[in-house]
Amino acid sequence: MESISELNRRHGIPNQVSFCQDAHGFIHVEVNNPQSSARIALQGAQLTSWVPKGEEAVIWLSKQASFLKGKSIRGGAPVCWPWFGPHESQGDFPAHGFARTALWEISGVETQADGTTRLVFCLPETSVPKNQWSHATTLESRMTIGSHLEVDLVTRNLGSQPVTIGQALHTYFQVGDVRTIRLLGLEECVYLDKVEGGVRKVQEGAVSFTQETDRIYLEATEDVLIEDPLMRRQIRITKKGSASTVVWNPWIEKSAKLGDLGDEGYLHMVCVENANAAEDRITLAPGAEHHLWVRYSLAPISR
Ligand code: TA6
């Protein structure tokens, strides 16, 4: 792994992009441009903070998040790949795949003409556990950081056989109080209710939160709006290349069991994840590539 000084020499941009190492040995990329600031851990290429100028943080990170090498970080925008949820046959393989706890590399940093900062991360072959994944695939995360945030997760199949993947950008959004927000854009979608064993249901009206909520919405291609009256804002989630949207809040008991959301942490977060999960998994032909693309943007709302 390159040293901090080497990373800053090769990829740093004065007063805009720098690399630092925390007390746990984690390397973070810090971005500060005229439109926003952000922080990304090299482990998992995991966005852990995004704060547009003049706004409250949009991405939630648990105050009890543990930064332990090879362990998932609670919050931010974890990359779930090359499967979503538990592995279909190997119970000892990590939930949500190995990409989010693997060490990525940064392969590109640039200031764009519109003042945004573009970062490209890649998952090196040396970080892929061969006993879990023997396919010849590559994975890149291309981020555009500004007053909006874009992430493009690009999977390529370099092998001679088709490869099927599940994936998600498992993003935790900061909200004033999950009990007062509504999600718009999922009306009439069929979803698998994982709290009730995966039973299929149909979404009636907006999504609101009164208990543990863990749903995979299928054929959900419209924008999702997180309407937050307390923070007086709407977070718009636009996506391409993903037909499933996962909505999750652990609520009280699950949150206590997980142990790293902090006291009442669940009240201030909601996961809206753009995914290819369940029946929406993607099969890539030899030589094909797939883009899971999302854009997060903000709009004010009156009370
Ligand atoms: O995306 C929702 C979910 O699959 C939930 O079922 C819950 O397991 C959550 O992800 C968190 O998973 P993690 O492995 O990060 O604790």
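The values are calculated or read from the model by the stated rules, or taken from the named source; none is laboratory data. As the structure is a computational prediction, the values presented were derived from the model and not from experiment. Here the Cβ is made from the backbone with ideal geometry for all residues, glycine too, and neighbour counts use every protein chain on show. For the accessible areas, the whole protein counts, side chains as well, though only heavy atoms, and no ligand, DNA or RNA atoms are used. Shrake-Rupley method; radii C 1.70, N 1.55, O 1.52, S 1.80 Å.
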> Using just the C-alpha positions of segment 4-300 as equal point scatterers, what log10 of I(q)/I(0) does the Debye formula give at each q in 0.06, 0.07 1/Å?
Replying inline: -0.18, -0.24
> Quick one: Cα centre-to-centre distance for segment 1-52 and segment 147-215, in angstrom?
Replying inline: 27 Å
> When the dipole is taken about the Cα centre of segment 93-190, and only Lys, Arg (+1) and Asp, Glu (-1) are charged at their Cβ, what size is it in debye, to the nearest 20?
Replying inline: 280 debye
> Farthest toward the dipole's positive end in the chain, which of ALA45, GLN203, ALA243, given Cβ charges of +1 (Lys, Arg) and -1 (Asp, Glu) about the Cα centre?
Replying inline: ALA45
> With every protein chain in place, what's the accessible area of SER255 (1.4 Å probe, Å², nearest 10)?
Replying inline: 10 Å²
>> How big is the dipole moment of segment 127-245 about its Cα centre under a simple scheme where the beta carbon of each Lys and Arg is +1, that of each Asp and Glu is -1, and everything else is neutral? Debye, nearest 20, please.
In response: 380 debye
> Of the peptides 155-166, 223-234, 41-52, how do they stack up when ordered by the mean number of other Cβ atoms within 10 Å, highest first?
Replying inline: 41-52, 223-234, 155-166
> When Lys and Arg each count +1 and Asp and Glu each count -1, what net charge do the other residues less than 15 Å away from PHE98, Cβ to Cβ, add up to?
Replying inline: +1
> Of THR138, THR245, which has the most accessible area with a 1.4 Å probe, and how do the rest follow in descending order?
Replying inline: THR138, THR245
> Add -39500 (n - 2.57) for each DSSP H run of 4 or more in the chain, then divide by its residues: what number comes out at 222 nm, to the nearest 500 deg cm²/dmol?
Replying inline: -1500 deg cm²/dmol
> Assigning unit charges at the beta carbon (Lys, Arg +1; Asp, Glu -1) and nothing else, what dipole magnitude in debye, to the nearest 20, does the chain show about its Cα centre?
Replying inline: 400 debye
> Which shape class applies to segment 234-303: rounded if a/c is under 1.5, otherwise prolate when a/b exceeds b/c and oblate if not, where a ≥ b ≥ c are the square roots of the Cα gyration tensor eigenvalues?
Replying inline: oblate
> For segment 158-217, which GluC sites (Glu not before Pro) are both in a DSSP coil and crowded by at most 14 other Cβ atoms within 10 Å?
Replying inline: GLU187, GLU188, GLU204
>> Two decimals, Cα atoms only, Kirkwood Rh: what is Rg/Rh over segment 1-72?
In response: 0.98
